[in-house]
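The values are calculated or read from the model by the stated rules, or taken from the named source; none is laboratory data. The model shown is predicted, which means the values in this text are computed figures rather than measured ones. All Cβ positions, glycine included, derive from the backbone under ideal geometry; neighbour counts span all protein chains shown.
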Amino acid sequence: MARCRKERQICLEVPCRCFRTETEALPVELQLEELETLRLVDLENFDQSTAAERMGISRGTLQRILYQAHRKVARALVFGQTIVIAEQAAVNRPAACRRQQRCRHCCCTTTIMEDQSMIIAVTCQDNQVFQHFGHTPAFAVYEVADGKVVQKQLLSTGDSGHSALAGVLADRGVNVLLCGGIGAGAQQMLAAAGIKLVGGVSGDVDAALEAYLNGTLAADPNFSCQHHHHDGEAEHEHHCHCGNH
């Protein structure tokens, strides 16, 4: 399950690698590729498809990186955390680009080794796959390397609202989510965060994870959940087959 080495186009000079605050809060580390997505989309005003093409990545990957970058910058501004631009592999810059003081749209590349592991989350209650994403009390989070589980943790959702769960998973670097029923809105948020969704899963969370890794996971293709939320009301109208009536 290890992912391949990828070359990403990064046309970026970094004049400063640390923006320090007056507080002693832990710093936020911004990856070079995250800074590049901010430059292309927020500064240069490229649409996401064009920005992804310039970086040599898919639009889904760019959306995931951009989402993480926005979250990190927002966290630093709100909580007064120092922002540190991480050191990464040297950029291989063509001679024509080296002659320019500021390279905008060249073909500079940097080789980035993606993590040799993937993180898979499963909606969880009592070690069973919880059947409605928006109300899951916790996620079983697995770190997987070379097709084997190297670590498992239980991540409580706490007071996280229905719409915030995709951000909770993205903050933990989750690549894949296994769950039971899930609404269309939540599916869109997961897609925007670059998280692969496998719905219609049931049974023991460890068994579901193992089956997914082995390619034998049985899932209900009709997993879309139509759960209508009414803020401030005690009851919810439920029209799906996810078992939470």
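Numbers for the structure displayed
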{"item": "Single match in VAL205, VAL168 (criterion: crowded, with 19+ Cβ neighbours inside 10 Å and not polar (S, T, N, Q))", "result": "VAL205"}
{"item": "Tally, over region 130-144, of residues that are assigned to a strand (DSSP E or B) and free of Cβ contacts under 8 Å to residues at least 24 places away in the same chain", "result": "1"}
{"item": "Tally, over region 145-201, of residues that are in a loop (DSSP other than H, G, I, E, B) and among the basic types (Lys, Arg)", "result": "1"}
{"item": "Candidate set: region 16-35, residues that are at pLDDT 80 or above and out of contact with any helix residue (DSSP H, G or I) (no Cβ under 9 Å at 6 or more places or on another chain); chosen: the one surrounded by the most Cβ atoms within 10 Å (Cβ to Cβ)", "result": "LEU32"}
{"item": "Some residue of region 93-111 being modelled with pLDDT of 90 or more, touching a helix residue (DSSP H, G or I) at 6+ places or on another chain (Cβ under 9 Å) and in a loop (DSSP other than H, G, I, E, B)", "result": "no"}
{"item": "Among (1) among the hydrophobic types (A, V, I, L, M, F, W, C); (2) at pLDDT 80 or above; (3) touching a helix residue (DSSP H, G or I) at 6+ places or on another chain (Cβ under 8 Å), the one test that CYS225 misses", "result": "(2)"}
{"item": "Selected residue (criterion: modelled with the lowest pLDDT) from residues of region 177-200 that are buried (at least 20 other Cβ atoms within 10 Å of the Cβ) and within 21 Å of GLY147 (Cβ to Cβ)", "result": "ILE195"}
{"item": "Selected residue [at pLDDT 90 or above, more than 20 Å from the chain's Cα centre (by Cα) and surrounded by 15 or more Cβ atoms within 10 Å (Cβ to Cβ)] from PHE130, PHE139", "result": "PHE130"}
{"item": "Candidates HIS236, HIS230 - the one that is over 21 Å from ASP126 (Cβ atoms), touching a strand residue (DSSP E or B) at 6+ places or on another chain (Cβ under 7 Å) and at pLDDT below 85", "result": "HIS236"}
